[in-house]
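The values are calculated or read from the model by the stated rules, or taken from the named source; none is laboratory data. On a predicted model such as this, the values are computed, not experimentally measured, just so you know. Counting neighbours? That spans all protein chains shown, and the Cβs are built from the backbone with ideal geometry, glycine included.
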């Protein structure tokens, strides 16, 4: 069942949106008629097993791609993580100059010995 403004408690469709901005009214109707998460879950639960597997694979790729795009934005010049990335690179360079930089595998091996 898709939710409409009439089927969602407390949601009243604004009057006169079309005269103010026809695209706004169209977008409002699209949003308000979008299926609820419960409707999506219900639809997925009724899918054949092969379709569920296919959907899960697609969703995994979709979220992985979204994560990759977010990381690229964050670590790009001026991104949210750019300052952190610059700091890490500086610390690595300083450790290399001091001669204290070593392979990550050695650090993990040492940590395993301690625990």
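From 82, 66, 56, 90, which residue is closer than 30 Å to residue 107 by Cα and surrounded by fewer than 12 Cβ atoms within 10 Å (Cβ to Cβ)?
90
Could you figure out which of (1) exposed (fewer than 11 other Cβ atoms within 10 Å of the Cβ); (2) modelled with pLDDT under 85; (3) outside any helix (DSSP H, G or I) isn't true of residue 35?
(1)
Touching a helix residue (DSSP H, G or I) at 6+ places or on another chain (Cβ under 7 Å) and at pLDDT below 90: does that describe residue 81?
Details: touching a helix residue (DSSP H, G or I) at 6+ places or on another chain (Cβ under 7 Å): yes; at pLDDT below 90: yes.
Spelling it out, residue 81 is indeed touching a helix residue (DSSP H, G or I) at 6+ places or on another chain (Cβ under 7 Å) and at pLDDT below 90.
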